[in-house]
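To start, the structure itself, in structure tokens.
The values are calculated or read from the model by the stated rules, or taken from the named source; none is laboratory data. Just so it is clear, the model here is predicted, and its values are computed rather than measured. Quick reminder, even Gly has a Cβ in these numbers, built from the backbone with ideal geometry, and neighbours come from all protein chains shown. Areas reflect the complete protein model, heavy atoms only, side chains present, ligands, DNA and RNA absent. Shrake-Rupley method; radii C 1.70, N 1.55, O 1.52, S 1.80 Å.
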Amino acid sequence: MASIWNPTLETHVAKIDEQHQELFRQADILVDPDKHGRITDMLKFLGEYVILHFRDEQNLQEKSKYPKYETHKKFHTEFLATFREMNRQYSATGDKEIVTAISNLVINWLRDHIMVHDKEFAEYYRKNT
Ligand SMILES: [Fe+2]
């Protein structure tokens, strides 16, 4: 966890930062070998949390009339399509390597997305609310 989260990822919007940290935490424990018996539950929980987080972020964007709302929403939708497809593949095969790939997808996508798009929104949000 310490290796994944670092202060450069902060958007300084408390709710968003808390949810991002929780997403990293969940993606990280997916690959914890002690937890292998519960992978299906963990993936379900992670998927639901991702949706909750995107919805909360998009709600803040709508409320603050963020001009890039539609574009940002599209990034979320595209991520979810990839995430769902990989989950489908894991359900079909039970291949643990797909779980590692899902964990990496969440961590890498989120990190890149936060650094550019969430930070851009957070700056707008802090100035306009
Ligand atoms: Fe986002």
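How much accessible surface area, in Å² rounded to 10, belongs to the heavy atoms of Thr100 with a 1.4 Å probe?
Surface open to solvent at Thr100 totals about 60 Å².
Helix 96-113 versus the longest principal axis of the chain: what angle, 0 to 90°, nearest 10, using Cα atoms?
10 degrees
What's the long-distance tail for the stretch 18-78, i.e. % of Cα pairs beyond 16 Å? Provide the component values of the computation, followed by the final result.
Values: 958 of 1830 pairs.
It works out to 52 percent of all Cα pairs.
Using just the C-alpha positions of the chain as equal point scatterers, what log10 of I(q)/I(0) does the Debye formula give at each q in 0.13, 0.14, 0.22 1/Å?
So the normalised log intensities are -0.53, -0.61, -1.33.
Run down the lysines and flag those whose C-alpha is under 23 Å from the C-alpha of Lys15, throwing out any fewer than 8 positions away in its chain.
In chain and number order, the partners are Lys44, Lys63, Lys65, Lys68, Lys73, Lys74, Lys119, Lys127.
Expressed as an acute angle from 0 to 90° and rounded to the nearest 10, what is the orientation of the C-alpha long axis of helix 119-128 relative to the principal long axis of the chain?
So the helix axis and the longest Cα principal axis differ by about 40 degrees.
How large a share of the accessible area of the chain, in percent, is made up of carbon and sulfur atoms when the probe is 1.4 Å and the other protein chains stay in place?
Percent of accessible area from carbon and sulfur atoms in the chain: 53.
Would you please name the trypsin sites (Lys or Arg not before Pro) within the stretch 1-98 that are DSSP coil residues with at most 12 other C-beta atoms within 10 Å of their C-beta? Before the final figure, lay out each step's value.
Working: sites: Lys15, Arg25, Lys35, Arg38, Lys44, Arg55, Lys63, Lys65, Lys68, Lys73, Lys74, Arg84, Arg88, Lys96; in loops: Lys65, Lys68.
Here the sparse-neighbourhood loop sites are Lys65.
Does anyone have the angle between helix 69-93 and the longest principal axis of the chain? Alpha-carbon axes, 0 to 90°, nearest 10?
Rounded to the nearest ten degrees, it is 0.
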